[in-house]
Every structure is written in C-alpha cells, then in structure tokens.
Amino acid sequence: MKTKTLKKNKVNVITLGCSKNIYDSEVMMAQLKANHFDVEHESMQDDAEIVIINTCGFIDNAKQESIDTILRYAEAKNEGMVDKLYVTGCLSERYKDDLEKEIPEVDSYFGTRDLPRLLKTLKADYKHELVGERLLTTPNHYAYFKIAEGCDRPCSFCAIPIMRGKNVSTPIEDLVLQAKGLAAKGVKELMLIAQDLTYYGLDLYKKRALAELINRLADVEGIEWIRLHYAFPAGFPMEVLDVIRERNNVCNYLDIPLQHGSTKILQSMRRGITREKTEELITQIREKVPGIALRTTLIAGYPGETEEDFQEMYDFVERSRFDRLGIFTYSHEDDTHAFTLEDDVPAKVKKERADKIMELQSGISYELNQLKVGKTYKVLFDRVEGDYFIGRTEFDSPEVDNEVLVLKSDGFVRLGDFAEVTITKADHYDLYGKLV
Ligand code: SF4
C-alpha cells in the first residue's frame with residue numbers, strides 16, 4: 001500500500017507548544033544528526049521514514065492540537081506514508097498510558113526527559129560530548145536559551161511541574177560555553193527561557209544566580225541582545241534590574257507573567273503575591289530601568305472569578321499599561337490543585353472577559369506605539385514579507401511582540417543584521433519606518 005518511497009534514516013521532527021519544546025527538539029535533532037540521521041524540522045516533503053512529534057500538554061487547546069497532530073501522522077502511517085512514528089514531550093509525559101491505548105499506531109511514547117531512551121530505540125547513542133549542542137530551527141541570528149528545566153512553584157492552575165518535574169538549573173559554566181558556541185555560529189540574540197527564570201540557581205548554588213548568569217552571558221563576544229522571558233513576580237531578584245540597566249547588550253525588556261489582577265484570585269492561584277505588591281514591583285522595575293518594555297500574561301475565567309474580580313483585573317491592566325500582553329482562558333487541568341475547585345465560569349464568559357482585556361490592551365498598545373513615531377531604534381531584521389523587510393526592536397521578542405516594517409524599495413538590509421530605523425508610522429502592533 002506504500003504509495004511513496006520513504007527516505008531511509010530520514011527523520012522529520014514536529015514541534016508543538018512553547019519555546020522550551022523548540023529548544024528540546026533542537027537538542028534532539030543535533031543528537032540524531034550526530035548519529036548520521038538525515039534530520040529535518042517540520043518538513044513539508046513528507047518523505048521521512050521516521051516521524052517524531054514533540055508534544056505540548058499545557059492546556060486544552062494545546063493538548064487538542066497535539067492529539068490532532070498524532071492522529072494525522074498515525075493515519076499517514078496506516079497509509080504507508082510513514083514507517084516509524086514516535087511521540088515525546090509534555091502530553092506524552094502526562095498521558096502516556098491513555099495514549100498507548102487510544103492511538104496504538106505510535107511505535108513508542110517517551111517522556112520529557114527520555115532523550116537517551118528515544119535515541120536507543122532508534123539504535124542511536126546519546127552523545128554526552130554534544131550536551132547543549134543544537135540544530136537551530138529559528139533563523140540563525142537568534143536562539144532560545146534554556147537555563148533550567150522544571151519548576152518548584154505551587155501555582156494552582158498549572159500542570160507544568162507534573163510534566164517537567166522539579167527545577168534543575170544548568171551550571172553557569174555550561175551555559176557560557178553554549179552561548180560561545182552559538183555566537184561562533186552567528187547567533188546575536190539569546191532569549192533566556194525556563195519555567196521560572198528568576199528561580200535560577202536556587203537548587204544548584206543555594207542562591208538566586210540569574211544576575212550573575214546574565215552578566216557572564218553579556219561578556220560573550222558576539223551576543224548583542226539578551227532577552228529575559230518567564231520571570232516570576234514573588235521574590236523577584238531586584239539585582240537583575242541593575243544588570244538590565246547597566247549592560248548594553250541586555251534588552252530593556254522583561255517578560256513577567258502575572259496571571260491576574262485581583263488579590264483574591266492571586267491567592268487562590270497560590271502565586272504568593274497580592275495585587276498591591278505586584279503594582280509595587282511594576283513601579284520599582286520601571287523606576288530602576290526607565291523605558292523598559294514589560295510583557296505579561298493573564299488568565300481569564302479562573303474558578304470563582306466574579307464580575308468584580310474581573311473588573312479588578314481590567315482596572316489593573318488599564319492602570320499598568322503593559323507594553324505587551326497576552327491572555328489565556330482558564331483550562332481546568334486534571335491533577336492540578338485548582339482541579340479541586342469548581343470550574344464555574346462558563347466558557348462563553350471566559351472568552352468574553354479575555355476579549356475585553358485584549359481590546360483594552362490593543363488601545364494601550366496603539367497609544368504607546370504613537371510615542372515611538374519620529375524616534376530612531378536599533379532593529380534586528382528577521383525576514384522578508386511581501387514589500388517589506390521585517391524586524392524587531394529590543395522591546396520585541398520574536399513571534400509574540402510588535403514588528404518593524406521597512407519597505408524594500410527604501411534600501412537594502414541583510415537578514416540577521418542590525419540597522420538603525422526611524423519610525424514614521426505606527427498602528428496597534430506594527431511600526432513602519434525608514435532606514436537611517
Ligand atoms: S511558575 Fe507557576 S505557572 Fe509557571 S511553570 Fe511554574 S507552576 Fe507553572
């Protein structure tokens with residue numbers, strides 16, 4: 001029934017979910033390549049003998065997308081379009097037993113820390129000398145940079161500790177070596193990621209070591225932008241702000257998921273902080289690093305969220321004027337603490353509340369962007385689209401934040417290069433400009 005000749009030893013890796021999964025896929029691909037497999041990431045050719053799906057198990061939508069992707073490749077396998085199908089990552093870690101029963105076409109399911117076993121199944125060796133080595137799936141000038149795995153936090157709604165385990169920080173020396181290796185390959189921007197970036201070092205050095213790590217990475221030649229993602233508000237290490245302010249190659253940017261703006265809900269979420277303390281922290285961050293761009297993430301429709309609680313969050317967003325904001329609707333995740341609560345906010349209301357916050361944020365983003373018109377920024381160019389070169393300022397992370405659009409007819413810029421751009425026009429999420 002095979003209708004297509006499959007390439008022997010060719011592996012197609014599919015990545016779902018967050019930047020940490022992208023990092024894990026890149027590490028896996030480097031190991032496969034070193035074992036002489038022909039590896040591709042999300043190849044459209046569909047001629048690979050082996051497919052590996054790195055799944056996400058975070059919330060409903062993400063889980064559904066992972067299941068649909070597994071089913072699609074299971075069907076392709078039944079049609080002879082795939083020879084071997086393997087599944088790894090968070091969904092597999094969390095629901096392996098159910099998945100084995102429900103989708104038996106998959107040859108094997110692996111957990112989030114099972115790379116050596118996966119390689120063994122492919123008759124390949126785990127090469128320790130390659131630790132930290134990656135085949136980048138992002139454009140070569142930027143890379144996600146995972147500094148720790150797992151999480152020790154008790155957030156009530158979150159299943160990540162179930163899938164990723166306890167916090168394990170990677171030693172500073174290993175990370176500096178990795179950064180040097182990436183810089184030697186042309187990487188200029190590092191997005192520092194973890195489940196909880198600010199927890200870095202507490203397990204390994206018995207102290208918060210994020211500021212020290214960033215300083216060491218900022219010393220790496222060739223790294224021009226270091227960006228911080230997934231900071232946690234409670235117990236925030238204020239010394240990190242001094243490093244952001246003092247080091248030129250550390251972006252004036254901080255992604256700090258805050259999850260809600262009502263103290264009652266924050267306490268039920270077990271976030272270890274009140275709204276008042278959160279607002280104090282935001283003020284301190286903006287005082288210590290003037291002009292910093294703050295990105296946050298919120299949840300709408302958490303169990304017990306009343307109209308008043310929601311209004312408190314709405315007012316909090318209106319007052320805080322975040323530069324970047326994303327919002328999820330609450331997903332009732334089994335085995336989490338919040339699963340013991342009643343999921344009492346109807347899906348329709350969850351969505352209405354999330355939409356209301358995004359409508360508010362869109363107006364705030366528009367107003368803040370108008371303030372950039374006439375100013376000149378250092379822009380890193382990522383891609384070409386239609387008539388435009390498209391890049392980002394230090395206030396914008398790839399895939400999630402604003403972009404700067406420069407007409408191709410305006411001049412030439414090489415992708416992966418920085419250039420000075422004067423902003424001529426701005427809308428809700430995009431800036432338009434001219435090369436200086
Ligand atoms: S900090 Fe909280 S929300 Fe983030 S991964 Fe850890 S438990 Fe989940």
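How much of ARG72 can a 1.4 Å solvent probe reach, expressed as accessible area in Å² and rounded to 10?
Here the accessible area works out near 140 Å².
Out of GLY326, GLY411, GLY386, any idea which swings most in a Gaussian network model of the chain, alpha carbons joined below 10 Å?
Comparing GLY326, GLY411, GLY386 in the GNM, the peak value goes to GLY386.
Just how many % of Cα pairs in the chain lie over 33 Å apart, if you round to the nearest whole percent?
When every Cα pair of the chain is considered, 39 percent fall beyond 33 Å.
Over what distance in Å are the Cα centres of segment 212-284 and segment 142-171 separated?
16 Å
Rounded to the nearest 10 Å², what accessible area does MET29 have for a 1.4 Å probe in the complete protein model?
Near enough 10 Å² of accessible area.
How large a share of the accessible area of segment 106-195, in percent, is made up of carbon and sulfur atoms when the probe is 1.4 Å and the other protein chains stay in place?
Accessible surface attributable to carbon and sulfur in segment 106-195 totals 55 percent.
How large is the accessible surface per residue of segment 320-391, computed with a 1.4 Å probe and reported in Å² as a whole number?
Computed with neighbouring chains in place, this is 50 Å² per residue.
Would you mind classifying segment 174-222 by shape? Square roots of the alpha carbon gyration tensor eigenvalues, ordered a ≥ b ≥ c; an a/c under 1.5 is rounded, otherwise it is prolate if a/b is larger than b/c and oblate if not.
It is prolate, given that a/c is not under 1.5 and a/b is the larger ratio.
So how far, in whole Å, is the C-alpha centre of segment 399-430 from the one of segment 1-67?
Going from one Cα centre to the other spans 32 Å.
Carbon-plus-sulfur fraction of the accessible area of segment 390-436, 1.4 Å probe, in percent?
53 percent
Net charge around ASN248, counting only other residues with Cβ within less than 13 Å of its Cβ (Lys, Arg = +1; Asp, Glu = -1)?
Value of the local net charge: -1.
Mean residue ellipticity at 222 nm from the helices of the chain, using -39,500 (n - 2.57) per DSSP H segment of n ≥ 4 over the full residue count, to the nearest 500 deg cm²/dmol?
-10500 deg cm²/dmol
List the lysines whose Cα lies under 17 Å from the Cα of LYS207, skipping any in the same chain that are fewer than 8 positions away.
LYS166
Which order do you get for HIS141, HIS128 if you rank them by accessible area with a 1.4 Å probe, largest at the top?
Result of the area sort, largest leading: HIS128, HIS141.
What do you get for Rg/Rh over segment 189-299 if you use C-alpha atoms and the Kirkwood form of Rh?
So for segment 189-299, dividing Rg by the Kirkwood Rh gives 0.97.
Could you please report the charge total around ILE103, scoring K, R as +1 and D, E as -1 over all other residues with beta-carbon less than 14 angstrom from its beta-carbon?
Neighbourhood net charge equals -3.
The values are calculated or read from the model by the stated rules, or taken from the named source; none is laboratory data. Note that the structure is predicted; figures quoted are calculated from it, not measured. Please note: Cβ atoms are built from the backbone with ideal geometry, for glycine as well, and neighbour counts cover all protein chains shown. Heads up: the accessible areas ignore ligands, DNA and RNA and are worked out on the full protein's heavy atoms, side chains in. Shrake-Rupley method; radii C 1.70, N 1.55, O 1.52, S 1.80 Å.
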